[in-house]
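What follows is a short report on a single structure.
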Amino acid sequence: MKEYRMLINGQWVDSASGERFPSYNPYTEEAWATIPQAAESDVDRAVQAAREAYRTVWSKTNGLERARLMMKLADLLEAEAERLAELETADNGKVIRESLKNMKQAARYYRFFAGYADKIYGEVIPMDQTHLFDYTMREPIGTVALITPWNSPISILANKLAPALAAGNTVVIKPSEHASVTTLEFGELVRKAGFPDGVVNIVTGDGTVGNFLTRHPGIGKISFTGGSATGKIIARNASENLIPCLLELGGKSPNIIFADADLDKALAGAFAGVFGGAGQTCIAGSRLLVQRPVYEQVVERMMERIRAVRLGNPMDPATDMGPLANKPHYERVLSMIRTGEAEGATVAIGGKTGYERGLEKGWFVEPTLFVDVNQRMTIAREEVFGPVLCILPFDDEEEAVAMANDSKYGLASGIWTRDISRAHRIARRMECGQVWVNTYRINAAQVPFGGVKQSGYGRERGMHTLMEYTVVKNVMVDLSV
Ligand code: NDP
């Protein structure tokens, strides 16, 4: 059993209370590491360290040097990718090839934003009064709180940490209590890369730690990925100190297949779009809207694909889908499936636990397909965050758009059609932050990502997110003096 410590001001420390909690492997169901439960005083120490590092060192470090450190960090992350992927799979059950991809993706994010670190500048603004000279500067915010969930700790952290560091901020990170190990291991890479003490701090523990952090008056901004319910608490906490937030929350994303689509591609995309990561992704295309002429065919072929899924040890490269990441979540997903059945939807395939299927251990839920679903059912409205897909038929474009937008969420959507005009027409009408056409669930460092409605606000990735971690200062000079 490995005992981890927290990173505060460049030192590995235990919590002030000495309290620890276990981290469980969702495949073996056994505790395999222990993590400190931070006290309020630890959070305070971490925030003070980050503020001091900002004041004394990081705000005086130029972009070229910040970029050099970030490139080093990316190299270290890539060199350790396999080891970290194994640790992450042990912590959250994601199949090893997906964990490895996440590590490499994270390294790409640090490189992408390192490229921006010495290219963040303002503008000169022409004035009506010619004796006035006006210009803007883009300055870092100061100290930012980064709160991450358990589904992809290292790549979600990279979405936040890479632009935050490039823009010149210092940070305090709080990973999920259900999967903190890789974030703490990553802290050692930050040290090895040579970042000054206090620039990156990591505190661990449950939601109370996140609560202390997001209410701390020393924090200048909160960047959060997680559930919409927690997002609302965080927005309320942020309002106490009137600081901005970036909230990347849940979704109930529609994937729309028209009868003229390339069905082989559409089925492959729709399948991977919802069952990747065992459905534990915010962008899961969990509502599949299918035009009536191909509805039966899509149901049949989706069932065939689901039937072929191999559940098993997530470390085994032959496994298609691992267990769900933690026990409370496993129970929540099962209860959502039971609710779907109770409300009248039909499980066409799946719906069982790994035990019911003959597996000896692990928090597995079979990939599940619901038919006979209508838009009022809980299973069609609420985020399951598990391997559960609802298929609903539609007649025409108008109906598809109305159904797609009939959701409190607005994160992503997919459109599968060979009619290019229709694809653009619908993309414009989708109430969401990301539209994929004839593809799904591809993301890239360059491409802005985020939601509307209850999927949150603010953007991650791309140059747009760099703006999230800076503030504009205006300087006006009277040249006649
Ligand atoms: P949460 O939203 O609760 O967790 C996300 C992060 O917020 C974790 O680090 C969590 O800590 C922390 N947190 C919890 N409470 C507070 C608080 N009061 N103040 C500050 N931080 C807090 O997600 P869950 O793990 O509970 O998952 C619940 C649902 O959220 C999922 O079923 C899914 O619908 C959605 N979700 C969405 C994700 C996305 O990518 N958009 C990712 C993960 C979940 P801790 O885990 O230690 O409690």
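Computed values, structure above
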quantity: Scope region 432-478; condition assigned to a strand (DSSP E or B), surrounded by fewer than 20 Cβ atoms within 10 Å (Cβ to Cβ) and touching a residue at least 60 places away in the same chain (Cβ under 8 Å); matching residues; calculated: Tyr457, Val471, Val472, Lys473, Asn474, Val475, Met476, Val477, Asp478
quantity: Only one of Thr130, Thr170, Thr183 that is at pLDDT 95 or above and within 15 Å of the ligand (Cβ to nearest atom); calculated: Thr183
quantity: Selection within region 193-220 - within 12 Å of the ligand (Cβ to nearest atom) and either of a type in the set (D, E, K, R) or in contact with a Leu (Cβ under 8 Å, 6 or more places away or on another chain) (or both); calculated: Ile202, Val203, Thr204, Asp206, Arg215, Ile219
quantity: Unique residue being closer than 25 Å to Arg332 by Cα, among the polar types (S, T, N, Q) and modelled with pLDDT of 95 or more when the list is Ser223, Ser253; calculated: Ser253
quantity: Residue under evaluation Thr230, criteria (1) of a type in the set (Val, Ile, Thr); (2) closer than 30 Å to Gly358 by Cα; (3) outside the structural domain of Pro387 (by TED's automatic domain parsing), criterion not met; calculated: (2)
quantity: Subset of region 383-404 (residues that are in contact with a strand residue (DSSP E or B) (Cβ under 8 Å, 6 or more places away or on another chain) and within 27 Å of Leu249 (Cβ to Cβ)); calculated: Glu383, Gly386, Pro387, Val388, Leu389, Cys390, Ile391, Leu392, Phe394, Ala400, Met403, Ala404
quantity: Qualifying positions in region 221-244 - crowded, with 20+ Cβ neighbours inside 10 Å and more than 11 Å from the ligand (Cβ to nearest atom); calculated: Lys221, Ser223
quantity: Members of region 320-376 found to be in contact with a Leu (Cβ under 9 Å, 6 or more places away or on another chain) and polar (S, T, N, Q), listed by number; calculated: Thr353, Thr368, Asn374, Gln375
quantity: Output for region 163-188, where each listed residue is acidic (Asp, Glu) and either touching a Lys or Arg at 6+ places or on another chain (Cβ under 9 Å) or farther than 17 Å from Ser15 by Cα (or both); calculated: Glu185, Glu188
quantity: Matching residues, region 169-189, being more than 20 Å from the chain's Cα centre (by Cα) and either surrounded by fewer than 24 Cβ atoms within 10 Å (Cβ to Cβ) or closer than 12 Å to Thr148 by Cα (or both); calculated: Glu188, Leu189
quantity: Criterion (more than 16 Å from the ligand (Cβ to nearest atom) and in contact with a helix residue (DSSP H, G or I) (Cβ under 6 Å, 6 or more places away or on another chain)) met by exactly one of Pro153, Pro163, Pro140, Pro175; calculated: Pro163
quantity: Criterion violated by Lys104 - all others in (1) surrounded by fewer than 18 Cβ atoms within 10 Å (Cβ to Cβ); (2) at positive phi satisfied; calculated: (2)
quantity: Some residue of region 273-283 being within 16 Å of the ligand (Cβ to nearest atom) and more than 25 Å from Ile349 (Cβ to Cβ); calculated: no
quantity: Checklist (1) in a strand (DSSP E or B); (2) out of contact with any helix residue (DSSP H, G or I) (no Cβ under 7 Å at 6 or more places or on another chain); (3) more than 30 Å from Ile243 (Cβ to Cβ) applied to Val481, failing item; calculated: (1)
quantity: Any hit, region 395-418, residues being assigned to a loop (DSSP other than H, G, I, E, B) and farther than 30 Å from Thr339 by Cα; calculated: yes
quantity: Some residue of region 248-261 being in contact with a helix residue (DSSP H, G or I) (Cβ under 6 Å, 6 or more places away or on another chain) and within 8 Å of the ligand (Cβ to nearest atom); calculated: yes
quantity: Within region 280-293, tally of residues that are touching a strand residue (DSSP E or B) at 6+ places or on another chain (Cβ under 7 Å) and surrounded by fewer than 24 Cβ atoms within 10 Å (Cβ to Cβ); calculated: 2
quantity: Enumeration of residues in region 98-137 that are touching a Leu at 6+ places or on another chain (Cβ under 9 Å) and either free of Cβ contacts under 8 Å to residues at least 12 places away in the same chain or over 27 Å from Leu165 (Cβ atoms) (or both); calculated: Thr130, His131, Leu132, Phe133
quantity: Flag for Thr465 being outside the structural domain of Gly285 (by TED's automatic domain parsing) and within 16 Å of the ligand (Cβ to nearest atom); calculated: yes
quantity: Any chance Val294 is assigned to a helix (DSSP H, G or I), more than 10 Å from the ligand (Cβ to nearest atom) and among the β-branched types (Val, Ile, Thr); calculated: yes
quantity: Test: Asn102 is under 26 Å from Ala31 (Cβ atoms), out of contact with any strand residue (DSSP E or B) (no Cβ under 6 Å at 6 or more places or on another chain) and in a loop (DSSP other than H, G, I, E, B); calculated: no
quantity: Residue ID - nearest to Pro323 (Cα to Cα), chosen from residues in region 334-365 that are among the small types (Gly, Ala, Ser) and crowded, with 19+ Cβ neighbours inside 10 Å; calculated: Gly362
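For (1) buried (at least 20 other Cβ atoms within 10 Å of the Cβ); (2) assigned to a loop (DSSP other than H, G, I, E, B), each residue gets a yes or a no:
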{"position": "Pro22", "(1), (2)": "no, no"}
{"position": "Val43", "(1), (2)": "yes, no"}
{"position": "Val47", "(1), (2)": "yes, no"}
{"position": "Glu65", "(1), (2)": "no, no"}
{"position": "Lys72", "(1), (2)": "no, no"}
{"position": "Leu77", "(1), (2)": "yes, no"}
{"position": "Thr89", "(1), (2)": "yes, no"}
{"position": "Lys94", "(1), (2)": "yes, yes"}
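The values are calculated or read from the model by the stated rules, or taken from the named source; none is laboratory data. Note that the coordinates shown come from a computational prediction; the quantities given were computed from them, not determined experimentally. A quick note on method: Cβ atoms are made from the backbone with ideal geometry, for glycine too, and the neighbour counts reach across all protein chains shown.
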